[in-house]
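Student: What follows is a single structure, and I will ask about it in a moment.
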Amino acid sequence: MSGQQTIAGDDLPDGLVVADAAGAVVHLNQAAARLLGTDRDAVIGQPLSEVITLDDLSGCSWYDAMRPYDGLETRTRLVEQAWYRPDGRELLVTGGLVRERPLGAVLRVTVSMRAVRARWQLDRRHSDLVATVAHELRSPLTGVKGFTATLLAKWDRFSDQQRRLMLETVDADADRLARLITELLDTARIDAGRLALRVAPVDVVALSRRVAASITAAGGRDIRLELSAGAPEIWGDADKLSQVLTNLVENAQRHGRGTVAVSVLGEPAADGTPGVAVLVDDEGEGVPEELRERVFNRFWHTGGQDGSGLGLYIVRGLVEAHSGEVAILSSPAGGARIRIWLPVAEPETLAATSVS
Ligand SMILES: Nc1ncnc2c1ncn2[C@@H]1O[C@H](COP(=O)(O)OP(=O)(O)OP(=O)(O)O)[C@@H](O)[C@H]1O
Ligand SMILES: [Mg+2]
């Protein structure tokens, strides 16, 4: 913004971006530059589609969803909606279309945006949650209902083997429902800050061994363990930490490829606080840098019906309740490396120690 004089709209608390008939940005106020994390001088003249780098939870960009220059000629407004920055922050964006005459070509597009207020975000999160929950629960339930109804109506027409097959599907769907409900309950507790930890000394090395054994026993691929004998015991909730590790290993097996390795080592934080680091590595594609924040959002996921996108949200909630940290890095083996760090911490310094 070197030497640029104050221009119209700089006093506005909201971000304002204006693009001309050709789709090039002709105006951007200070708030917009800040909200979009861009340099004003650099974006004037650039295509609007490249300046507004916001997208929704499924990765569809604001520009592709709005298509401000196409669509109905009657349109003069762009609906107000929440969009995400690459770093995961939410902005509320709306806009207007100025046409040369009613139903004529678009002369100018104005876009205004503001950071989503915490209160509003919370309200919206709750209604989003209800909608998503209903949707997520419905698909396995449709399968259950379909097969039970068919079996009841036409029991005699199926062979034992066919009945078994249907019941196996019902069984798998019921498992999926049960898992989903557990995840949703955890999510609600994390959201409400009501996560209760039952803290006791935890040997993370032994815990990692147990988790690996139970995943392998349940049919998961073999896991390579690199457990450092010197890792100190920490204060934590063993069940919740098992859940964290199970989630990470299952992710590595499902979303990654090749060998999955779990390493545990004693490692102090930068300020010297003693702690333990756990690394879960795989040899898949890894997580692109621009998504490393976003994958922690509730319901953000890839891979269709297979997951619900709550796993990493819960992982972060549980790790933070232990005053720990979680980060996504690149594994030297080529895939993703998820690193969690947990302080040795005295129980009273934990976020919640009451048992509900
Ligand atoms: N090891 C990994 N390698 C590559 N991508 C990953 C890895 N772990 C997570 N991801 C990405 O992060 C997304 C979110 O993960 P998350 O665990 O929250 O949801 P999920 O595994 O899809 O569903 P679930 O709720 O069943 O865990 C995944 O859908 C995937 O795109
Ligand atoms: Mg997962």
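Student: If you scan the range 51-79, which residues turn out to be closer than 22 Å to Arg294 by Cβ and either among the basic types (Lys, Arg) or loosely packed, with under 14 Cβ neighbours inside 10 Å (or both)?
Tutor: Ser58, Gly59, Cys60, Asp64
Student: Right, something else. Please give the number of the condition Ala327 fails out of (1) touching a Leu at 6+ places or on another chain (Cβ under 6 Å); (2) within 27 Å of Ile181 (Cα to Cα).
Tutor: Only one criterion in (1) touching a Leu at 6+ places or on another chain (Cβ under 6 Å); (2) within 27 Å of Ile181 (Cα to Cα) is unmet by Ala327, namely (1).
Student: Could you list, in sequence order, all residues of the range 303-324 that are within 11 Å of ligand 2 (Cβ to nearest atom), at pLDDT 85 or above and part of a loop (DSSP other than H, G, I, E, B)?
Tutor: If the condition is that a residue be within 11 Å of ligand 2 (Cβ to nearest atom), at pLDDT 85 or above and part of a loop (DSSP other than H, G, I, E, B), then Gly309, Leu310 are the ones that fit.
Student: Scan the range 276-302 for residues that are more than 13 Å from ligand 2 (Cβ to nearest atom), farther than 19 Å from Thr187 by Cβ and not hydrophobic (A, V, I, L, M, F, W, C) and report the count.
Tutor: Qualifying residue count for the region: 9.
Student: Kindly indicate which of Gly272, Gly258, Gly286 is part of a loop (DSSP other than H, G, I, E, B), near ligand 1 (Cβ under 8 Å from one of its atoms) and outside the structural domain of Cys60 (by TED's automatic domain parsing).
Tutor: Criteria check complete, one pass: Gly286.
Student: Answer yes or no: is there a residue in the range 220-237 that is of a type outside the set (Gly, Ala, Ser), within 15 Å of ligand 2 (Cβ to nearest atom), out of contact with any His (no Cβ under 6 Å at 6 or more places or on another chain) and outside any loop (DSSP other than H, G, I, E, B).
Tutor: No, that holds for no residue.
Student: Separate question: Quick one: which of Asp222, Asp237, Asp191 is touching a Gly at 6+ places or on another chain (Cβ under 9 Å) and either more than 30 Å from Leu129 (Cβ to Cβ) or not aromatic (Phe, Trp, Tyr) (or both)?
Tutor: Unique residue meeting the criteria: Asp191.
Student: Restricting to the range 298-317, give me the number of residues that are touching a strand residue (DSSP E or B) at 6+ places or on another chain (Cβ under 9 Å) and more than 8 Å from ligand 1 (Cβ to nearest atom).
Tutor: 1
Student: If the requirement is being surrounded by fewer than 22 Cβ atoms within 10 Å (Cβ to Cβ), within 20 Å of Val262 (Cβ to Cβ) and under 12 Å from the mean Cα position of the chain (by Cα), which of these qualifies: Arg294, Arg339, Arg316?
Tutor: Result: Arg316 is the single residue among Arg294, Arg339, Arg316 that is surrounded by fewer than 22 Cβ atoms within 10 Å (Cβ to Cβ), within 20 Å of Val262 (Cβ to Cβ) and under 12 Å from the mean Cα position of the chain (by Cα).
Student: Answer with yes or no whether Glu267 is surrounded by fewer than 23 Cβ atoms within 10 Å (Cβ to Cβ) and either over 16 Å from Glu325 (Cα atoms) or in the same structural domain as Thr187 (by TED's automatic domain parsing) (or both).
Tutor: no
Student: OK, next. Determine whether the range 191-212 contains at least one residue that is at pLDDT below 95, of a type in the set (Asp, Glu) and closer than 20 Å to Arg254 by Cα.
Tutor: No, because not a single residue in the range 191-212 is at pLDDT below 95, of a type in the set (Asp, Glu) and closer than 20 Å to Arg254 by Cα.
Student: Name the single residue that is farthest from the chain's Cα centre (by Cα) among those in the range 205-219 being buried (at least 19 other Cβ atoms within 10 Å of the Cβ) and more than 16 Å from ligand 2 (Cβ to nearest atom).
Tutor: Ranking the candidates gives Val205 first.
Student: Would you confirm, using the coordinates I've provided, whether Ala327 is closer than 30 Å to Leu137 by Cα, surrounded by 22 or more Cβ atoms within 10 Å (Cβ to Cβ) and at pLDDT 90 or above?
Tutor: Against the criterion (closer than 30 Å to Leu137 by Cα, surrounded by 22 or more Cβ atoms within 10 Å (Cβ to Cβ) and at pLDDT 90 or above), Ala327 does not qualify.
Student: Only one residue in Asp156, Asp186 is surrounded by 11 or more Cβ atoms within 10 Å (Cβ to Cβ) and not hydrophobic (A, V, I, L, M, F, W, C), so which one is that?
Tutor: Answer to the check: Asp186.
The values are calculated or read from the model by the stated rules, or taken from the named source; none is laboratory data. This one's a predicted model, so the numbers in the text were calculated from it and none came from an experiment. Don't worry about glycine lacking a Cβ; one is built from the backbone with ideal geometry, like all the others, and counts go over all protein chains shown.
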